[in-house]
Amino acid sequence: MRIRNLFILAGILCLTLLFIPVQGATAAGDVITLKFANYLPAPAGQSKVCEEFNAELERRTGGRVKIRYFAGGSLLNAPGVIKGIETGIADIGFSHIEYTPGRFPIMEAAELPLGYPTGWVANQIMNDFYNALKPKEFDNFKVMWFHANTPSMLMTVKPVRKLEDMKGLTIRAPAILGDVIKALGGTPAPTPVMETYDAIAKGVLQGAFVGGGEAKNLRFGEVVSHITDTWRVGNSYPFYVLMNKKKYNSLPPDIKEIFDTLCGEYKERFALMWNAQDFDGRAFAKGEGVEYIDLPDEEAKRWTDAVEPIIENYIQRMMSKGFSESEVRGWINYLRERTEYLTKKQLALHIASVTGPPELRP
């Protein structure tokens, strides 16, 4: 009888345990679905790398995380990405800070015409600058990584070999890029980038101020005849991949660890991708008969002197927001010193680029 009662008690205990929720096991078995919004079209190189990230995250988590990817602005357009992440329309978003001017004023320092020589350096700079300052303007987000277009180049229908050649040219250049074109003596036009090809072809614009990869990506190499390498003054936009902070905080610890590791890897993946796009752009443009123009050092100095007031204006603007002059100049000094350090590092790593000093060229 006693043995029989023990079997009955054991059976009751087993049945009871079946109905007690096991937190760790349940969490591990759940599938987490995230929505990722990107305004760039699916065929773009940046979009393809995002898709690689999504697939790799699913693989490394054993299918516990799946991402619904919305490219081409199908969920959020470029200016709406930030608000969409904050409100949960998207869990992850891809855009750049110039679509919300004034929203990230400290990070705007990184898009000043400070002479980033290459796409690789520009990408590293964006992440280093953020990590050095951790500006509060991003406190509502989980920063996955920053990246950047390669230094903007002048793609024109007429040769631009000196500052005087800019006179009379209307160049597609929005926001701070437009300030640079104006300082150089040209006329900026904030034409939407997807309308720029037709505007150049019809003679409405005489060129565009964009990263070298756009010679192929947007086929500008078909409608311009010259590309001037203006890396010493060519801005790079701080692009971002951000996540809703509450959503990130809700992830299980082991998923967070995988996620963070992968973000670190794709920061570098993007740096190499942007850098490589310049080679594709140059090959395409040269195939179309486009001439590449390098500015001699003496001429380049005239250009850097011409855009210096843009940097000073930024300093004054940030002082009006309550930042001290020494603090803001400290940011800019950091960016310049970091540029010098990263340029040497790129050379040591034997990463060739289309732009920058001769020793970085293939």
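The values are calculated or read from the model by the stated rules, or taken from the named source; none is laboratory data. On a predicted model such as this, the values are computed, not experimentally measured, just so you know. Cβ: placed from backbone, ideal geometry, glycine included. Neighbour counts: every protein chain shown. Accessible surface areas use protein heavy atoms only, side chains included; no ligands, DNA or RNA. Shrake-Rupley method; radii C 1.70, N 1.55, O 1.52, S 1.80 Å.
Asn313 versus Arg68, label points 7 Å from Cα toward the beta carbon: distance in nm?
Label at Asn313, label at Arg68, 4.3 nm between them.
In Å and on Cα atoms, what radius of gyration and Dmax does segment 197-321 show?
Gyration radius and largest Cα-Cα distance of segment 197-321: 20.0, 57 Å.
How much FRET efficiency would the formula 1/(1 + (r/R0)^6) give for Ala201 and Ala348, where r is the Cβ-Cβ distance and R0 is 51 Å, rounded to 0.05? Walk me through the numbers on the way to the answer.
Working: r = 43 Å, r/R0 = 0.84.
Working from the Cβ atoms, E equals 0.75.
In segment 133-214, carbon and sulfur make up what percent of the accessible area (probe 1.4 Å)?
On the way: 1710 of 3290 Å².
Solvent-exposed carbon and sulfur of segment 133-214 make up 52 percent of the total.
Do me a favour and compute the ellipsoid semi-axes for segment 168-233 from its Cα gyration tensor, root of five times each eigenvalue, largest one first, whole Å. Before the final figure, lay out each step's value.
Working: eigenvalues 57, 37, 23 Å².
Its equivalent ellipsoid spans semi-axes of 17, 14, 11 Å.
Could you tell me the number of lysine pairs in segment 63-222 with C-alpha atoms less than 17 Å from each other, where the two lysines are 8 or more residues apart or belong to different chains?
7
For Arg59 and Lys162, compute 0.36 nm times the residue count separating them, minus their Cα-Cα distance, and round to one decimal in nm. Mind dumping the intermediate values first?
On the way: separation 103, 0.36 × 103 = 37.08 nm, distance 5.21 nm.
Fully extending the segment from Arg59 to Lys162 adds 31.9 nm.
For segment 42-118, take N as its residue count and report Rg(C-alpha) divided by 2.2 N^0.38 Å. Walk me through the numbers before you get to the answer.
Working: Rg = 15.1 Å, N = 77, 2.2 N^0.38 = 11.5 Å.
Ratio of Rg to 2.2 N^0.38 Å for segment 42-118: 1.32.
According to the Cα gyration tensor, what semi-axes, each the square root of 5 times an eigenvalue, does the equivalent ellipsoid of segment 319-362 have, listed from largest to smallest in whole Å? Numbers along the way, then the final one.
On the way: eigenvalues 204, 18, 8 Å².
Value: 32, 10, 6 Å, ordered largest first.
For segment 127-205, what does the equivalent ellipsoid look like in terms of its semi-axes, each the square root of 5 times an eigenvalue of the Cα gyration tensor, given largest first in whole Å? Present the calculation step by step, with values, prior to reporting the outcome.
Working: eigenvalues 212, 46, 24 Å².
Taking √(5λ) for each Cα gyration eigenvalue gives 33, 15, 11 Å.
Calculate for the chain the 222 nm mean residue ellipticity that helices alone would give, adding -39,500 (n - 2.57) per DSSP H run of length 4 or more and normalising by residue count, nearest 500 deg cm²/dmol. Numbers along the way, then the final one.
Numbers: 12 runs with 173 residues, N = 362.
That calculation yields -15500 deg cm²/dmol at 222 nm.
Got a number for carbon plus sulfur as a percent of segment 253-358's accessible area, 1.4 Å probe? Don't skip to the end; give the middle numbers.
Numbers: 2940 of 5570 Å².
Taking all protein chains in place, segment 253-358 shows 53 percent carbon and sulfur surface.
Rg(Cα) of the chain divided by 2.2 N^0.38 Å? All intermediate terms of the calculation are to be shown ahead of the outcome.
Numbers: Rg = 24.9 Å, N = 362, 2.2 N^0.38 = 20.6 Å.
For the chain, the normalised Cα radius of gyration is 1.20.
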